[in-house]
Amino acid sequence: MARVILLPGTDKRTRSGHPWVYLTQVGDVEGELTAGDVVEVFSAQGRFLGRGYANPSSQIFTRLLTRRRDEAIDREFFRRRLEAAAAYRQKVVKDTTAYRLVNAEADFLPALVVDRYGDFLAVQFLALGMDGFKPIIINLLIEMFAPHGIYERSDAGVRAREGLQPFSGPLYGETPKFVMMNENGVRYRVDLHTGQKTGFFLDQRENRQAVSELAAGARVLDCFCYTGGFAISAARAGAGSVLAVDSSGSALELAAQNAALNEVDDRCTFREANSFDELRGLADSGEQYDLVVLDPPAFTKSKEALAGAVRGYKEINLRALKLLVTGGYLATCSCSYHLGEALFLEIIAAAARDARRTLRLVEFRRQARDHPALLEVPETYYLKCGVFQVF
Ligand code: SAH
């Protein structure tokens, strides 16, 4: 096994549990190394830091799989990791047939995502080294969880940084395009082949539940609704009317089907539009709402584009605040990792000042518990959801 020796003074983050060893940290590689191989990582002083897979052509040279010197990376290793991931979900996941079974780095299986939709699994292999373990992992998933089918959705852009082509397709068993899930008593039809992410925004499950508790009798506006997650759960919780907006026609088609499936189609209207324009148009025509949900896509995927993203978040929050009645509620989200919690709150406060509204914090929420984050790995915490009452 090749040995990776870090440059002096570059091991602090690695010692505190961050699994990514950057190319810039690497001083020397001893022994033969083929991309995807498991290597051992040592500090400049010769201290063992961990064992992980390497990709010399990625900025992330190694992703550590274990920090224990006596732990081999073999089939049993992956079985233990998968068992631990499943045991954790047994504790924290409730009232749903769909959830994230493996959340990559935060389950100590870097670059591996496994989402469960009832009897079907959707998987993502997002780094070269993890891709090499695909046969073992798929075999274990079949043995441990007995799914009816497994579909791969490794079509995320991050694969390019690992020198990998996007891939999407069936890996095992039956893999119908549409599968059903039931979350908090709401049924959704999910596009397993071409839906966004792996088909559903599972990370918002607990937030959908929390927000739906504010929906009884409300006039609801759900901007960036995708296949109707917040909209339909609000309608099921007794919302008087729901207008839901998205720019994706295919997402809206499913949203409309989902509304019918849950017998709330009489109260839900879906509109294909740019949410920025729609928010402006609704304000111009004097519309008012009791509950507005903002769940936009990440406005930035890099630090460099942060300023533009800040303007985007400010604008939609400002426009949403203008539409809310006194005593109404705003549920506003950001899944941009580069936009931290403090800055997000500042943006919302600035929007409130401009709109001359006072916001009372009901609760500040994060990604659901089946998407855990590691304290020392900031990249694993990305989803913020502020719930405010507006005065
Ligand atoms: N709230 C949803 C997830 C939203 S994901 C749920 O609970 O399932 C973000 C959505 O924003 C995607 O569906 C995407 O199609 C949509 N989107 C992206 N840019 C948009 C824009 N400018 N206007 C409206 N929708 C947009």
In region 52-83, anything part of a loop (DSSP other than H, G, I, E, B) and more than 24 Å from the chain's Cα centre (by Cα) is listed as ASN55, PRO56, SER57, ARG67, ARG68, ARG69, ASP70, GLU71, ALA72, ILE73, ASP74
On the given criteria, is PRO378 closer than 30 Å to PRO19 by Cα, surrounded by 15 or more Cβ atoms within 10 Å (Cβ to Cβ), assigned by TED's automatic domain parsing to the domain that holds ALA218 and within 22 Å of the chain's Cα centre (by Cα)?
-> no
Taking region 278-324 and the residues there that are β-branched (Val, Ile, Thr) and touching a residue at least 60 places away in the same chain (Cβ under 8 Å), the one that is farthest from the ligand (Cβ to nearest atom) would be VAL292
Those residues of region 221-235 which are within 6 Å of the ligand (Cβ to nearest atom) and within 17 Å of GLY328 (Cβ to Cβ) amount to PHE230
Selection from region 173-216 of residues within 25 Å of ARG159 (Cα to Cα) and among the polar types (S, T, N, Q) yields THR175, THR194, GLN196, THR198, GLN204
Of the residues in region 239-249, those that are outside any strand (DSSP E or B) and near the ligand (Cβ under 9 Å from one of its atoms) come to SER247, SER248
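Yes/no per residue for (1) more than 15 Å from the ligand (Cβ to nearest atom); (2) touching a residue at least 40 places away in the same chain (Cβ under 8 Å):
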position	(1), (2)
LEU202	no, yes
ASN207	no, yes
ALA237	no, no
ASP266	yes, no
- Is at least one residue of region 17-33 at pLDDT below 95 and either open to solvent by 30 Å² or more (accessible area, probe 1.4 Å) or closer than 16 Å to THR66 by Cα (or both)? yes
Reported set for region 34-62 where residues are under 27 Å from MET144 (Cα atoms) and open to solvent by 30 Å² or more (accessible area, probe 1.4 Å) is ASP37, VAL38
Considering region 84-110, residues that are touching a Gly at 6+ places or on another chain (Cβ under 9 Å) and not in a strand (DSSP E or B), and then whichever is least open to solvent (accessible area, probe 1.4 Å), we arrive at PRO110
The residue that is nearest to the chain's Cα centre (by Cα), considering only those in region 165-200 that are more than 11 Å from the ligand (Cβ to nearest atom) and of a type in the set (Ser, Thr, Tyr), is THR198
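The values are calculated or read from the model by the stated rules, or taken from the named source; none is laboratory data. Note that the structure is predicted; figures quoted are calculated from it, not measured. Reconstructed Cβ throughout: ideal geometry from the backbone, glycine too, with neighbour counts over all protein chains shown. Only protein heavy atoms, including side chains, enter the accessible area calculation; ligands, DNA and RNA are left aside. Shrake-Rupley method; radii C 1.70, N 1.55, O 1.52, S 1.80 Å.
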